[in-house]
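Okay, so here's the structure we're looking at.
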Amino acid sequence: MTTLYTLTCDSCGGRFEATRADAVTCGSTCRQRRHREQIAARAATAAAALLHRQTAAVVGLTAPGVTDADRAHYRRELDAIAAEAERVLPRAA
Ligand SMILES: [Zn+2]
């Protein structure tokens, strides 16, 4: 006889029975939603980190007494941030 585990779905919070103890969602709809939510959460974390770097670069660029070498450094950093944003952030549908 197959052992059934009564688990709580990680997506909808509903109870469900599974043959695997490590099942996390109650079905394909919740599995897909959970996957989309994970992608969105990773994008939000990446966006927050990029915004933090961008803010630091703009503050550096506009600080009083900033040298040409500093300005060149911060401009390269801003270009790198823009390129990374292009690479890691999902596009709006
Ligand atoms: Zn579910």
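Values quoted throughout were computed directly from the atomic coordinates according to the rules given, and no laboratory measurement underlies them. Bear in mind the structure is a predicted one, so any value in this text is a computation, not a measurement. Neighbour counts are summed over all protein chains in view; Cβ atoms, including those assigned to glycine, are modelled from backbone coordinates with ideal geometry.
Within a Cβ distance under 13 Å of LEU4, other residues only, what is the Lys/Arg minus Asp/Glu net charge?
+1
Between ALA23, GLY60, ALA80, whose Cα lies farthest towards the positive end of the dipole of region 5-88 when Lys and Arg beta carbons carry +1 and Asp and Glu beta carbons carry -1, centred on the Cα centre?
Toward the positive end, the furthest listed residue is ALA23.
Against the longest alpha carbon principal axis of the chain, how many degrees, from 0 to 90 and to the nearest 10, is the axis of helix 68-88 turned?
The angle comes out at about 20 degrees.
Extension gain THR67-GLN32, at 0.36 nm per residue separation less the Cα-Cα distance, in nm?
Details: separation 35, 0.36 × 35 = 12.60 nm, distance 5.06 nm.
Working it through step by step, the gained length comes to 7.5 nm.
Using the Cα centre of the chain as the reference point, and only Cβ charges (+1 on K/R, -1 on D/E), how large is the resulting charge dipole? Debye, rounded to the nearest 20.
Working: 13 positive and 10 negative charges, 64 e Å.
Once rounded to the nearest 20, the dipole reads 300 debye.
Find the Cα radius of gyration of the chain, compare it with 2.2 N^0.38 Å by division, and give the number to two decimals.
1.81
Please return the longest range in the chain lying between exposed loop sites, taking trypsin sites (Lys or Arg not before Pro), DSSP loop only, at most 16 other beta-carbon atoms within 10 Å, and leaving the sites out. Please report the intermediate quantities before stating the final value.
Numbers: sites that count: ARG20, ARG91.
The reported range is 21-90.
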